[in-house]
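The structure appears below as structure tokens.
Only the coordinates and a few stated rules stand behind these numbers; no lab work does. In this text, all values refer to a predicted model and were calculated from it rather than measured experimentally. As a convention, Cβ positions derive from the backbone with ideal geometry for all residues, glycine included, and neighbour counts pool all protein chains shown.
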Amino acid sequence: MNALPALRYTVRKLLHAPLFTIACILTLAIGIGATTAIFTVINGVLLKPLPYKDSGDLLSIRHTAPGLNMVDVPQAPALYLTYREQGQRVFDELAMWQEDRIAVTGMGQPEQVDGLDMTDGTLPMLGVRPMLGRNFTKEEDTAQGARVVLLSYGYWQRKFGGDPSAVGKILRLDGDSHEIIGVMPKDFHSIEGDPELYLPMRLDRAKIFMGNFSYGGAARLKKGATLEQVRSEMSRLIVVATESFPSPGAITLDMLREAHFAPNVKPLKEFVVGDIGKILWVLLGTVGIVLLIACANVANLYLVRAEGRQREIAIRTALGASAGRIRREFLAESVVLGLMGGVVGTVLAYAGVRLLVALGPTSLPRLKEISIDPAVLLFALVVSVIAGILFGLVPSFKYGNPELVPMLKEGRGQSAGRERHHARNTLVISQIALALVLLVASGLMIRSFQQVRKIDPGFRDPKNVLTLRIAIPKAEVPDDEAAVRMHELIAAKIGAIPGIRAVGLSSSIPLDNNTSHDPIYVEDKPGREGVIPPVRDFRWVGGGHFEALGWPVLAGRTITWADVHTHAPVAMVTEDFARAFFKTLGAAIGKRIRQDPGSAWREIIGVVGSVHDDGLDKPATPAIYWPMIQDHWWRNETNVQRTMTYAIRTSNIGTSSLENQVRQAVWSINPNLPLANVRTLDTILQRSMARTSFAMIMLGIAAGVALLLGAIGIYGVISYIVSQRTREIGVRMALGARRVDVTNMVLRHGMSLAAAGLVVGLVAAVLLSRLMTALLFGVSAFDPLTYGAVALAVGSIALVASWIPAFRAAGVQPVEALRRD
């Protein structure tokens, strides 16, 4: 049979059974659509190369410092300059960048936008040129260079309406005038974050020291160079930089050597993607199970259809049709169904991916690069064909070579033999087992999420705390003391709004990933001589910070505005820091700490509760809090914080007027100060749990679909068996069998299938759940509560799915059943 006529024949046969065809297509569409949607995400996030020229040659440049117990240390200006000037043997180009928040004024209401400060070689390294205008020059990337800015395509459209004459205009950023020199391409994806403005870094070489590890770094590998050569060359250049640039503060050269800085180099793509791959591959595996369950369901439907065609097949065989031809027709039919299901599934996947991108989960990197592309369509095609072959194999081999005499003699009313139901029973058992595996995975994630939510974050009632960020640029208020007083005035003005109970300031809010880090020296606890102590998190605070967050003070007192204005050499520490060094909280009060062996000692005046600043699923992080002005800081300079995050405790969260009242309060003090990152503390808290939440939701959806398909499978098989055994049931009832006996007989069969599926599923879940260990928190991969609850749920669903046809079987009228052929 030629291909085209054969295809027409197959399609005609399917159209003659519309209910069967629609049921198969929709069932397959669910499985194929879910699998294709997750593959689309994996393709966009993990498989696609980065959207830069020869992206395989791009490396992430970071470091380790075993002497400081740090496994991932960002780039530093001193190392960047050394690599750029002396690393030509292994690097073609280098880049360094840092995310920024920039106040834009003079264009209507002031606003604060995301920016990226980057070195002049960043765009050339990526192989990117501005769509309009030009890139920064090397001279503009110096402390004396002209102030210039590149616009993102989106910002250019939003603020300038896509007008090409925007290039050359002046934009006032952080109080300083910047010339717009270009516009980035529409499809440009930033190396980090989603900035609207790009500025040169303008490094001042005279002020650079061997420290300040707070920058992103990347390089383009020189043709012919290897990663081992890169690591070797970087190790040599780290020593050069350590000896060429001044040490920070009073830290000596020997101390820097004892930190044992070393290269941590990997492909840039690994840095961009992070560890999200663990979740995505697990999700692909789970939706693959959903697809297998869908195939099993369709195979059962197909078996029923094939059984009803046995006389037709036997007659065709008697007339000369070969077994191979019969099997090929079965497979052709199943593959066509698979392709139809694939078409509908791809449409569902497209809708799902569009929804996912619109929701913009923070746990997914490269979100804008996720799309249905030729690779995804090829994947959907292959999956559809494989699915069609999978569910078509069982009926093609079971009925592709019929026994002619029994089949030609078979009457419609005969009960099917035990062996006739074996294949369908096996498929149902498989469905139940696979559904149970998914439900266990979903249950473990739900239990993990519950455990994370039980963790005390340190602060209280986050839903009633509004946070926002205000920066006071030096160009706007030149005097440091005046800038700090302005912050206090703004806090007082906001605090006067009716319904606001407390206002506090800090350089960062817990869980916002904006914490600073430094080694912390403890008086009378020197450690090893000449060794830099471990790095600790720290924040700068103004008055009212802990009160606004509802953060319990466990000993001593909090930092006040008086401490800020007098530049008091004081500090607060968290409970875990105090216990680590002083055993009891009271013993920490009056002790002294500092961040540099040459700076002033600062007295601990209070101890607050510990905080899980790296995420609730991570251990609490020992931290220190300094007043937002401190004298005798690094190199005896005065350190002043001009960018602060406000925490506003109020019962008016969610009211339409609150944010406007706060904005007017700020602008009554200074109309050129934009409010940025306006959100509740609860939003920050939920965002910190986004990864666990995302995995839980996706696994939950997959498990729910799997359970539904499994229940449909049980119901379908039991219903079909009841229809096949109608005559037998009528005979039993005519001979005196009670309705309850018939019900129990059917239920026993359904529950025996469920029990077998539960046993197989539990064994498989125990074997497979260990793969999820890295995603779990506070719960074992073999958690008995989860396994027990899932087994009970699956058993209950199976009971309901079996009871419906059992109830119908009990209603069979003996006379009507015995009249059938």
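Give me the net charge for the shell around ALA676: Cβ to Cβ below 13 angstrom, other residues only, Lys and Arg +1, Asp and Glu -1.
On the way: positive: ARG101, ARG469, ARG663, ARG679; negative: GLU99, ASP100, GLU111, ASP114, ASP174, GLU196, ASP512, GLU659.
Around ALA676, the surrounding residues sum to -4.
Using Cα pairs under 8 angstrom and six or more residues apart, how large is the relative contact order of region 554-661, in percent? All intermediate terms of the calculation are to be shown ahead of the outcome.
Working: 176 pairs, mean separation 30.9, N = 108.
Relative contact order comes out at 29 percent.
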Compactness of region 470-611, expressed as Rg and Dmax over alpha-carbon positions, Å: 16.3, 55
Folded to 0 to 90 degrees: helix 658-669 orientation relative to the chain principal axis, Cα: 20 degrees
From phi via Karplus (6.51, -1.76, 1.60), per-residue ³J(HN,Hα) for region 801-806 in Hz, x at Gly/Pro: 5, 7, 5, 4, x, 5
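Pairs of alpha-carbon atoms within less than 8 angstrom and 6+ residues apart define the contacts here; what relative contact order does region 741-807 have, in percent? Please list the in-between numbers first.
Details: 37 pairs, mean separation 40.7, N = 67.
RCO, region 741-807: 61 percent.
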Distant-in-sequence amide H partners of HIS63 (H built 1.01 Å from N, under 5 Å): VAL73, ASN264
DSSP-assigned coil residues among chymotrypsin sites (Phe, Trp or Tyr not before Pro) in region 125-175, each with at most 14 further Cβ atoms within 10 Å: none
Relative contact order, percent, the chain [alpha-carbon distance under 8 Å, six or more residues apart]: 17 percent
Amide proton proximity set for LEU132, modelled H, under 5 Å, gap of 5+: VAL183
Phi-based couplings in Hz for region 51-57 (Karplus 6.51, -1.76, 1.60; Gly and Pro marked x): x, 10, 4, 6, 5, x, 8
ILE629 long-range amide H proximity, modeled H, under 5 Å: none
³J(HN,Hα) computed for each position of region 371-384 - Karplus, 6.51 cos²θ - 1.76 cosθ + 1.60, integer Hz, glycine/proline x: 7, 7, 10, x, 5, 5, 5, 5, 4, 4, 5, 4, 4, 4
The chain: angle of helix 480-495 to the longest principal axis, Cα-based, in degrees nearest 10: 50 degrees
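Report the net charge of residues surrounding GLU481, where surrounding means a beta-carbon distance below 13 angstrom and charges are Lys +1, Arg +1, Asp -1, Glu -1. If you can, show how the numbers build up before the last one.
Numbers: positive: LYS474, ARG485, ARG642; negative: ASP479, ASP480, GLU488, ASP631.
With Lys, Arg at +1 and Asp, Glu at -1, the neighbours total -1.
Sum up the charges of everything whose Cβ sits under 13 Å from the Cβ of PHE160, counting Lys and Arg as +1 and Asp and Glu as -1, but leave PHE160 out. Don't skip to the answer; put the middle values down first.
Numbers: positive: ARG158, LYS159, LYS169; negative: ASP163, GLU196.
Around PHE160, the charge tally is +1.
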Part-to-part distance (alpha-carbon centres) for region 11-69 and region 743-761, which is given in Å: 36 Å
Degrees separating the helix 418-454 axis from the principal Cα axis of the chain, which is the longest one: 20 degrees
Region 670-724-region 206-271 distance, computed between alpha-carbon centres (Å): 43 Å
Prolate/oblate/rounded label for the chain (Cα gyration tensor, a/c 1.5): prolate
Residues of region 474-496 with amide N under 20 Å of the 7 Å Cα→Cβ point at HIS565: 477-496
